[in-house]
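These notes are about the structure you will find just below.
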Amino acid sequence: MTPFDLVQPASLKEAIALIDPEDPDVRAIAGGTGLMLMMKAGVFRPTRLVSLRKLGDSFFRIAMAASGDLTIGAMTPLSAIEQSSEVLRHAPVIVRTMTRLSNVRVRNVATVGGALAHGDPHMDLPPVLIALGASVAIAGASGERTMAVEDLLTGYYETALARNELITELRIPAQGTMRTVYFKITAGSADDWPALGVAVALASQGGTVTSARMVVSAATAKATRLISAEQMLIGANVNDKTLEIVAEAAADEADIIADLRGSASYKRELLRVYAARAVRAAMPTSGAPN
Amino acid sequence: MNIAGEIQVSAAREAVYKALSDAPFFASCIEGVSDLKEIDPTHYTAVLETRIAYLHFKFKANVEITELSPPEKIEAKVEGMPLGIVGRLTATATTQLVESGSQTIIRYSIDATLTGKLGSMGEPVLKSKAKQMEKYFTARLFAAFAGGGPGSET
């Protein structure tokens, strides 16, 4: 490993100032669970890492507003989210997802902001957060902005963040009658990186879908909404025939990429099967918790 | 994994073939290629560097020209050893030149296999980079032919 500088700023402003916007080898590090893998693999060789460790306390919080909107500080470790009663009440799909997201040692250290900024398409949280309609607050040298998680992820390990912008907060809107499920399909152990991730959020009335969000991950370059499949679902009655058409649309629409966890044709078939299962599971009659 | 595409050039097929079969010119059209060395007229070594987001991939590549059928086909085998990451890239690249009036259509097809740790990361990288590299390749090729063809100044 080549030597690098490690700096530990005490404030957000200082952290942003220490990141050179022109240099891809200078990067912020939060929990480090993702970045360290890249460094070990030799594909990221930093000249300077800006540790956000000292900002941990200021950006570690989970709060639910009276409106039902949930706010999670970017430095909140995944295990704190997993154990939060607010998260369990407001978005139980996140808590269920955590149980198979890597292992407890990683979840104790990895932060939610880091998980989103890393841009790895194999991660479990981005598809779930997109299905929940979540957004992030971002701070940079030129001020603050907010962005939907869906727009944050722009490609394989690529995000819409400028190099010297940091995610400060995750915001999940009140879900109302929406029910969300996430299916993680692994080719190895249960907590392995997925070969495919599918998240579906549905609102329905009397068996008819009134609102739908469907997201595929791990098989694509980034967590991506399946818009055609969503449009076919809205207004439809969920039955075997509809599910077949929707699953077909999902498998056709996704731009699937092969990796070590499966060929493109295998992953496409997985998507066809699990898109239908996820929609069924997100319907109230399935008995699955919302 | 297969990456394929077409590039249309306003030049005669013979001229395009001549340009593409010239290894230094061909290498200059691929973004990130450096240190091209000729071992013999059908064997070359080169270094390929590419960046995606904050990730950096560097390969030492051995290139073997396996078929030269003027003026319509060039086939090459590439073996790449990534620097700093475990794995191997093997690829067969076929380029076919088709006449279309006064223009030439370059049809390329690359069958690539990535093994080792590179396999889990490399394919999406190649796929996302492919379009960008095609754009760069096309721009360089067009620039060369706009100037009367590569090497025309000599």
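Given a cut-off of 24 Å, what percent of all Cα-Cα pairs of the range A:182-275 lie beyond it?
The share of Cα pairs beyond 24 Å in the range A:182-275 comes to 20 percent.
Based only on the alpha carbon positions, what is the Kirkwood hydrodynamic radius of the range A:79-214, in angstrom?
With all distinct Cα pairs of the range A:79-214 included, I get 15.7 Å.
Largest first and in whole Å, what are the equivalent-ellipsoid semi-axes of the range A:5-51 based on the Cα gyration tensor, each being the root of 5 times an eigenvalue?
19, 12, 7
Lysine pairs in chain A 8 or more apart or on different chains: how many have alpha carbons under 30 angstrom apart?
Lysine pairs meeting both conditions in chain A amount to 13.
Compute the normalised compactness of the range A:1-128: alpha-carbon radius of gyration over 2.2 N^0.38 Å, N being the residue count.
For the range A:1-128, the normalised Cα radius of gyration comes out at 1.11.
Could you work out the Rg to Rh ratio of the range A:54-156, with Rh taken as the Kirkwood radius (inverse of the mean 1/r over all Cα pairs)?
0.93
On the principal axes of its Cα set, how long, how wide and how thick is the range A:132-290? Give whole Å, largest value first.
Rounded to whole Å, the extents work out to 52, 39, 27 Å.
Return the average number of partner chain Cβ atoms within 10 angstrom of each residue Cβ along peptide A:253-259.
Whole-number average of other-chain Cβ neighbours for A:253-259 is 3.
Could I get the Rg over Rh figure for the protein assembly as shown? Both from C-alpha atoms, Rh via Kirkwood, rounded to two places.
1.03
Expressed as a fraction of 2.2 N^0.38 Å, the rule-of-thumb size for a compact globular protein of N residues, what is the C-alpha radius of gyration of chain B?
1.04
Whole angstrom only: what separates the Cα centroid of the range B:21-55 from the Cα centroid of the range A:223-290?
Spelled out, the Cα-based centre of one part sits 42 Å from the other.
A:R61 versus B:A143, label points 7 Å from Cα toward the beta carbon: distance in nm?
5.2 nm
FYI, it's all coordinate maths here, none of it is from the lab. This is a predicted model, so every value here is computed, not measured. Cβ: placed from backbone, ideal geometry, glycine included. Neighbour counts: every protein chain shown.
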